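Structure first, commentary second.
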Amino acid sequence: MRKAINTNGAPAPVAPYSPGIQAGEMIFLSGQLGLDANTGQLVPGGAREQAERALKNIAALANGAGGSMDDVVKTTVFMTDLAEFGPINSLFEEFFDQPRPARSAVEISALPLGALVEIEAILCRGGNH
């Protein structure tokens, strides 16, 4: 059984997709840009600010699914400049406790809406993670 995950605490999708899908104890969150949930606009600043907002959007979706950031088991970070990896790395230390989730980081040529960073996450709810 699949269930769509939506919350007012995260921005509405910018295309035809679900912000998240729960399938059993697994929750798959679509890539989150640094969009302010209230305005739908990218937050001011650079890659670090956008990544921070993206992680806050992930937290809101996790909470909307009845979970938390402690349930995140894997993230993928897409960025337009890997030179920004250091500042983004420091955010992961702030947002995630040990053991931190597995992660991939990929430099790409462009992101929707001119964003500098997009982060997707996989969560596992329940006591077996």
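The values are calculated or read from the model by the stated rules, or taken from the named source; none is laboratory data. Model, not experiment: these values are computed from the prediction. Neighbour counts are summed over all protein chains in view; Cβ atoms, including those assigned to glycine, are modelled from backbone coordinates with ideal geometry.
Some notes on this structure:
For (1) out of contact with any Phe, Trp or Tyr (no Cβ under 9 Å at 6 or more places or on another chain); (2) part of a strand (DSSP E or B), each residue gets a yes or a no:
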site: Leu61; (1), (2): yes, no
site: Gly67; (1), (2): yes, no
site: Asp70; (1), (2): no, no
site: Thr75; (1), (2): no, yes
site: Glu84; (1), (2): yes, no
site: Ser90; (1), (2): yes, no
site: Glu94; (1), (2): yes, no
site: Asp97; (1), (2): yes, no
site: Arg103; (1), (2): no, yes
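- Per the listing Leu55, Leu116, the residue uniquely over 21 Å from Ile5 (Cβ atoms), under 14 Å from the mean Cα position of the chain (by Cα) and buried (at least 16 other Cβ atoms within 10 Å of the Cβ) is Leu116.
- Residue check for Leu123: touching a residue at least 60 places away in the same chain (Cβ under 8 Å) and in a strand (DSSP E or B): yes
- Count of the range 58-74 residues which are in contact with a helix residue (DSSP H, G or I) (Cβ under 8 Å, 6 or more places away or on another chain) and of a type in the set (Val, Ile, Thr): 2
- Here Arg53 does not fit the description of being basic (Lys, Arg), in a strand (DSSP E or B), modelled with pLDDT of 95 or more and out of contact with any Pro (no Cβ under 7 Å at 6 or more places or on another chain).
- For the range 1-38, residues that are in contact with a Lys or Arg (Cβ under 7 Å, 6 or more places away or on another chain), farther than 26 Å from Ile88 by Cα and either at pLDDT 95 or above or assigned to a strand (DSSP E or B) (or both) total 2.
- Unmet criterion (only one of (1) farther than 19 Å from Ser18 by Cα; (2) modelled with pLDDT under 95; (3) out of contact with any Gly (no Cβ under 8 Å at 6 or more places or on another chain)) for Thr80: (2)
- Whichever residue in the range 32-46 is small (Gly, Ala, Ser) and touching a helix residue (DSSP H, G or I) at 6+ places or on another chain (Cβ under 9 Å) and, among such residues, is surrounded by the most Cβ atoms within 10 Å (Cβ to Cβ): Gly34
Here's the yes/no breakdown for (1) surrounded by fewer than 17 Cβ atoms within 10 Å (Cβ to Cβ); (2) among the aromatic types (Phe, Trp, Tyr); (3) touching a residue at least 12 places away in the same chain (Cβ under 8 Å); (4) more than 25 Å from Glu25 (Cα to Cα):
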{"position": "Gln50", "(1), (2), (3), (4)": "no, no, yes, yes"}
{"position": "Gly67", "(1), (2), (3), (4)": "no, no, yes, no"}
{"position": "Val72", "(1), (2), (3), (4)": "no, no, yes, no"}
{"position": "Val77", "(1), (2), (3), (4)": "no, no, yes, no"}
{"position": "Ser104", "(1), (2), (3), (4)": "yes, no, yes, no"}
